[in-house]
1. What distance in nm lies between label points placed 7 Å from Cα along the C-beta direction at residue 149 and residue 12?
2. For the chain, modelled as a GNM with alpha-carbon contacts under 10 angstrom, which of 165, 145, 196 fluctuates the most?
3. On the principal axes of its Cα set, how long, how wide and how thick is the chain? Give whole Å, largest value first.
4. Which entries of 17/131; 143/168; 84/236 show an alpha-carbon separation above 20 angstrom in the structure shown?
5. If you stretched the chain out fully between residue 42 and residue 194, how much longer would it get, using 0.36 nm times the residue separation minus the C-alpha to C-alpha distance?
6. Neighbour counts of other C-beta atoms within 10 Å: give me 92, 207, 186 arranged from fewest to most.
7. Which whole-number percent is the relative contact order of the range 4-242 (Cα, under 8 Å, 6+ apart)?
8. Using helices alone, what [θ] at 222 nm do you get for the chain, with -39,500 (n - 2.57) per DSSP H run of 4 or more residues, divided over all residues and rounded to the nearest 500?
Amino acid sequence: MCTTFAKNIEGNWYLGKTRDPVEWMRWDDEIKMFNAPEDRFKKWIIQNPNPREDGFYGGINEKGVAFTSTYVHVSELQISYIRKPYVRLILDAATAEEAVEIISSFKPEIGGNMFIADAENCFGTESIPGKIFIEAMESNAVKTNHYLNFEERNLEYDNDPHFENWTKTRYERAEELLNNAQSEEDLIQILRDRKNAESGISICRTDNELDCFTHSAFIFNCAEAKALYCQGNLLKNDFKSYSFNS
């Protein structure tokens, strides 16, 4: 399960995400650059090491167009948002608006919550089979593992009070912290936040809290076309910086 956010700081958009994989998902991931001739722009992608599996959680290109995504499973007819051809197409965009147009053209609709941003603009999307909701973000926003604009529920955890409490508590806590965040370090601390840990529903979870705990996280700085990526649990590992110049 994941917490994602979008934050505007001094006129620049940042996107952030934790990755809390459940037991049937791969736990390991990596950051990798796509820079093949068929790519319109260079692209940093956070992915599973096996490119033939689903497992693309976000990316940024050298134009500073970035996205984060969280799957919300609401239908057996639904397909994942994180297949490789989709990711490469999204990051062919020169602007966030162009990226949203590309995402909107996919048929069938890709499923889940997404933030798409460049330095100047940010959009949030929610997708279910047959429908997509798109809105422009103003200053900051949060998405976790439930929809805000659709009634459909996550089938994996339907009627699970603990899951519903966890996804909504993370949403409210991240919203609260974003209001005062003014730097990259503030955003990192949101991803590391341990409030509500005694109930097992904090934003950042450790390996002492069941199987579903925080294995990695990342932040995209759109103005600088830079990724900050932490491989491994955030409380034990540092964020490293990745750009297109180093």
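Where a number appears in this text, it was derived from the coordinates with a stated rule and is not lab data. As the structure is a prediction and not an experimental result, all values here were calculated from the model. Glycine also receives a Cβ, built like all others from the backbone with ideal geometry; neighbour counts cover every protein chain displayed.
1. According to this spin-label approximation, the distance is 2.8 nm.
2. Of 165, 145, 196, the Gaussian network model singles out 165 as fluctuating most.
3. Answer, in whole Å and largest first: 47, 39, 36 Å.
4. From 17/131; 143/168; 84/236, over 20 Å: 17/131; 84/236.
5. Residue separation times 0.36 nm, minus the Cα-Cα distance, leaves 51.2 nm.
6. If I rank by nearby Cβ atoms, fewest first, I get 207, 186, 92.
7. 23 percent
8. -5500 deg cm²/dmol
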